[in-house]
Amino acid sequence: MIDGKPLSIHILDTAWKAGACMKDEYLLWADGVILVYSMVDKSSFDKLREIVEWIFAKKGEEKVIAVIGNKSDLIHRKQVSDTEATQFCAEYNCLSFDTSASDSYTDVSNAFNTIIREIKLNNKKREKLNKLMHNPSVLAKLQIRQSLKNLAEMKWRSRTSTM
Ligand SMILES: Nc1nc2c(ncn2[C@@H]2O[C@H](COP(=O)(O)OP(=O)(O)OP(=O)(O)O)[C@@H](O)[C@H]2O)c(=O)[nH]1
């Protein structure tokens, strides 16, 4: 249930071995991506950059990307600072969460609820944009704008070449 409404979600649990286990189809299929690292294993955090770069290279930045730092209960063994995680998420425009799967069901549930809400919003925005892009009057306006831009560029070029 999300905001009082039942919702069916499909989760595909994948692994990452330098892209070998991630297929382009997975990304096409998904509305969002959740990357989970372990706060007590710096190497799992370091791998995120490679994964996000792969997602961006496949034009996946339009999807909701969330980063979850798990095992927050093991604070005494923490290897990834909050600043590092926050900076990473700001750099790649990812949602950021801390969870402890062993300690708190609420953390995990809150993270999923927020991600799903964000995905719903994102899908709505994309649908609207899609509709706009298929609206003939919007298309005509865009074409006029592009033609004016081309004309201005041509004029600018001819002016600079005669100088
Ligand atoms: N202390 C603590 N241990 C956790 C937490 N989450 C998972 N674990 C433990 O970490 C180990 C790995 O957990 P898994 O659920 O197998 O992790 P996974 O992501 O499925 O691992 P992969 O098989 O590599 O995909 C298990 O021993 C879990 O009990 C957590 O939040 N806190």
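The values are calculated or read from the model by the stated rules, or taken from the named source; none is laboratory data. Note that this is a predicted model, so its numbers are computed, not measured. Note that each Cβ is placed from the backbone with ideal geometry, even for glycine, and that neighbours are counted across all protein chains shown. Heavy atoms of the whole protein, side chains included, go into the accessibility calculation; ligands, DNA and RNA do not. Shrake-Rupley method; radii C 1.70, N 1.55, O 1.52, S 1.80 Å.
Listing for the model above:
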read-out: Nearest-10 value in Å² for the accessible area of H76, using the 1.4 Å probe; value: 140
read-out: Amide H within-cut-off set for I65, under 5 Å, with H built and near neighbours excluded; value: V33, L95
read-out: Karplus-derived HN-Hα couplings along region 74-90 (A = 6.51, B = -1.76, C = 1.60, θ = phi - 60°), whole Hz, x at Gly and Pro; value: 8, 4, 5, 10, 4, 10, 10, 7, 4, 4, 4, 5, 5, 4, 4, 5, 5
read-out: Viscosity 1.306 mPa s, temperature 10 °C, Stokes-Einstein D of region 25-127 from Kirkwood C-alpha radius, µm²/s; value: 112
read-out: Residue order for K47, K131 - accessible surface, 1.4 angstrom probe, largest first; value: K131, K47
read-out: Cα gyration tensor category, rounded, prolate or oblate, for region 89-154 with a/c compared to 1.5; value: oblate
read-out: Ranked order, W156, W16 - accessible area, probe 1.4 Å, largest first; value: W156, W16
read-out: Segment C21-A57, extension gain: residue separation times 0.36 nm, minus the distance between their alpha carbons; value: 11.3 nm
read-out: Unit charges at the beta carbon, dipole of the chain: most positive-side option, S81, L142, L35; value: L142
read-out: Helix-only CD estimate at 222 nm, as mean residue ellipticity for the chain, using -39500 (n - 2.57) per DSSP H run (n ≥ 4); value: -18000 deg cm²/dmol
read-out: Within the accessible area of the chain (1.4 Å probe), percent carbon and sulfur; value: 56
read-out: Lysine pair count for region 25-127 [Cα-Cα under 26 Å; pairs on different chains or 8 or more apart]; value: 19
read-out: The chain, accessible area per residue, ligands and nucleic acids excluded (1.4 Å, Å²); value: 72
read-out: Amide H partners (placed H, <5 Å) of D98, local residues excluded; value: G69
read-out: Debye, to nearest 20: dipole size of the chain, +1 on Lys, Arg Cβ, -1 on Asp, Glu Cβ; value: 1220
